[in-house]
Amino acid sequence: MPFNVTPLDSARPDFAGLATGIDLSEPVNEALASQIDDAMNRYAVLVFRGQPLTQDQQLDFARGLGPLDVGFKRVASPHARLKYQELADISNLNEEGEIADRNHRRIVGNLANQLWHSDSSFQKPSARYSMLHCVVPAAKGGETEFADMRAAYDALEDDRKAELDGLEVEHYALHSRFFLGDTDYDEAQRAALPPVQWPLVRQHAGSHRKHLYIGAHATHVPGRTVAEGRMMLVDLLEHATQRQFVYTHSWQAGDLVIWDNRCTLHRGRHYDLSQHRELRRATTQDIDRTAATAATAATAEHGAN
Ligand code: OGA
Ligand code: MN
C-alpha cells in the first residue's frame with residue numbers, strides 16, 4: 001500500500017492529516033523521506049496509528065528525516081530511564097519507572113509542555129520535526145493540541161501584518177520554567193542555552209507560506225518595552241490558538257504524531273498526574289538533510305578537528 005495522507009478534518013484540508021501505507025519500523029530511504037517532507041509541508045501535522053515502536057526503531061525513523069536535536073537536555077540533567085539522550089522522556093515516570101513525585105523536575109517539564117510552544121525555539125538551529133510516540137495514554141485527558149501558525153498568520157488583518165513585519169522576538173529556554181516558579185538553576189545551566197532571536201513572522205521553507213513564530217519560550221520583542229512586547233505576544237498567541245486553527249489529538253497506544261515546529265505550536269492538555277501517561281519524542285534539527293550529509297562528509301574528509 002503506498003504512502004497516503006487524508007485530512008483529519010475535511011473542513012481544514014491543509015492542516016493535520018492521517019497517514020497510512022508506511023511501516024514506521026522499516027528503514028526510511030531518501031525517496032520516502034522526501035514524500036514525508038512533501039506531506040509535512042502541506043499538512044504540518046501527520047498522524048500514524050497502530051505502530052508500536054521500540055526506542056531504536058523510533059530513533060532510526062527520525063534519523064531518516066534529518067539530524068537529531070537534543071534541545072532542553074543541555075540544561076536538564078540526563079535522564080536514566082530511556083536508552084538514548086536523543087529521546088525525550090515525555091512521561092510522568094521517575095528513573096525507576098514509577099509515577100514521579102509531584103515535586104520531581106520531570107513533572108515541571110510535563111506542566112511546561114502544557115503551555116503553547118514550538119520545540120527548541122530557544123536555540124539555533126531550532127527543531128524541525130518532532131515525532132511523539134504513545135506508549136501508554138492517560139486514562140482521561142492528556143490530549144495534545146496543535147495550532148496552525150500559517151492559517152493564523154493568513155487570518156490577520158493587513159495593517160496588523162504590516163505592523164509585525166520586520167519585528168524580532170527573543171526566545172529563552174528557561175522562560176517557561178521561570179513562569180512556573182521553577183527557578184532552581186545554577187549559572188552554568190542558565191548560560192547553557194543563551195537566548196536567541198527569530199523573526200516574529202517567518203516564511204516556511206517547504207511551502208513558502210508566511211507564519212507566526214511565537215510560544216512559551218518567547219520572552220520579549222527587542223526594540224519595544226518588555227511590557228509592550230509581552231502583551232503583543234500574548235495577544236498574538238490568543239489569536240493564533242483559536243479553535244478554528246487547532247487540531248486536538250486523543251492518544252492511543254501505538255500512535256506516532258509528527259509535527260513541523262516551524263509553523264505550528266503545540267501543547268499537552270491536563271491529566272491526572274498520579275495516573276500513568278507515557279510518551280517519548282524524537283526530534284530533528286531544522287537543517288536540510290542534504291546540508292547535514294555534506295557537512296558530515298566534509299568533516300570526514302578534513303579530519304574531526
Ligand atoms: C512534546 C510536548 C506535549 C504532550 O513532546 O514536545 O510538548 O502532550 N508534548 O505531552
Ligand atoms: Mn513540546
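The values are calculated or read from the model by the stated rules, or taken from the named source; none is laboratory data. All values reported here derive from a predicted model rather than from experimental measurement. Don't worry about glycine lacking a Cβ; one is built from the backbone with ideal geometry, like all the others, and counts go over all protein chains shown.
Any residue that is of a type in the set (Lys, Arg) and either touching a Pro at 6+ places or on another chain (Cβ under 6 Å) or under 17 Å from Thr283 (Cα atoms) (or both) - is there at least one of those in the range 51-67? Outline the logic, then answer.
Filtering the range 51-67 down to residues of a type in the set (Lys, Arg) leaves 63.
Now drop any that are not either touching a Pro at 6+ places or on another chain (Cβ under 6 Å) or under 17 Å from Thr283 (Cα atoms) (or both), which leaves 63.
Checking the range 51-67: at least one residue is of a type in the set (Lys, Arg) and either touching a Pro at 6+ places or on another chain (Cβ under 6 Å) or under 17 Å from Thr283 (Cα atoms) (or both).
Where residues in the range 112-132 are near ligand 1 (Cβ under 10 Å from one of its atoms) and outside any loop (DSSP other than H, G, I, E, B), which of them is nearest to the chain's Cα centre (by Cα)? Working first, answer last.
Going residue by residue through the range 112-132, those that are near ligand 1 (Cβ under 10 Å from one of its atoms) are 112-120, 127, 130-132.
Those left that are additionally outside any loop (DSSP other than H, G, I, E, B): 112, 117, 127, 130-132.
Numbers: Ala112: 13, His117: 7, Ala127: 7, Ser130: 5, Met131: 8, Leu132: 9 Å.
Only one residue tops the list, namely Ser130.
Name, by its number, the condition in (1) on the phi > 0 side of the Ramachandran plot; (2) over 15 Å from the mean Cα position of the chain (by Cα) that does not hold for Arg277.
Only one criterion is unmet by Arg277, namely (1).
Which residues, taken from the range 137-162, are within 16 Å of ligand 1 (Cβ to nearest atom), part of a strand (DSSP E or B) and over 12 Å from Ser250 (Cα atoms)? Give the steps one after another, and end with the answer.
If we filter the range 137-162 for residues that are within 16 Å of ligand 1 (Cβ to nearest atom), which is where we start, we get 137-147, 149.
After this cut, where a residue has to be part of a strand (DSSP E or B) as well, the list is 144-147.
The answer is Ala147, and nothing else.
Quick check: anything in the range 214-224 in contact with a Lys or Arg (Cβ under 9 Å, 6 or more places away or on another chain), over 21 Å from Ala151 (Cβ atoms), within 16 Å of ligand 1 (Cβ to nearest atom) and at pLDDT 95 or above?
No, that holds for no residue.
Since Ala139 meets every condition but one in (1) touching a residue at least 24 places away in the same chain (Cβ under 8 Å); (2) under 26 Å from Cys263 (Cα atoms); (3) more than 13 Å from ligand 2 (Cβ to nearest atom), which condition does it not meet?
With (1) touching a residue at least 24 places away in the same chain (Cβ under 8 Å); (2) under 26 Å from Cys263 (Cα atoms); (3) more than 13 Å from ligand 2 (Cβ to nearest atom) applied to Ala139, the lone miss is (2).
Mind listing whichever residues of the range 1-57 are within 21 Å of Arg128 (Cβ to Cβ) and hydroxyl-bearing (Ser, Thr, Tyr)?
Hits for the range 1-57 are Ser34, Tyr43.
Exactly one condition in (1) more than 16 Å from ligand 2 (Cβ to nearest atom); (2) at pLDDT 95 or above; (3) of a type in the set (S, T, N, Q) is false for Ser77; which is it?
With respect to (1) more than 16 Å from ligand 2 (Cβ to nearest atom); (2) at pLDDT 95 or above; (3) of a type in the set (S, T, N, Q), Ser77 is out only on (2).
Let me spell it out: the conditions are (1) more than 13 Å from ligand 1 (Cβ to nearest atom); (2) touching a Lys or Arg at 6+ places or on another chain (Cβ under 8 Å); (3) at pLDDT 95 or above, and Phe61 meets all of them except one. Which number is the exception?
Result: Phe61 fails condition (2) only.
Inside the range 12-57, can you point out the residues that are of a type in the set (S, T, N, Q), closer than 21 Å to Ala88 by Cα and free of Cβ contacts under 8 Å to residues at least 40 places away in the same chain? It would help to see each step written out before you state the result.
Taking the range 12-57 first, the residues of a type in the set (S, T, N, Q) are 20, 25, 29, 34-35, 41, 51, 54-55, 57.
Next, from what is left, pick out any that are closer than 21 Å to Ala88 by Cα: 25, 51, 54-55, 57.
Correct list: Ser25, Thr54, Gln57.
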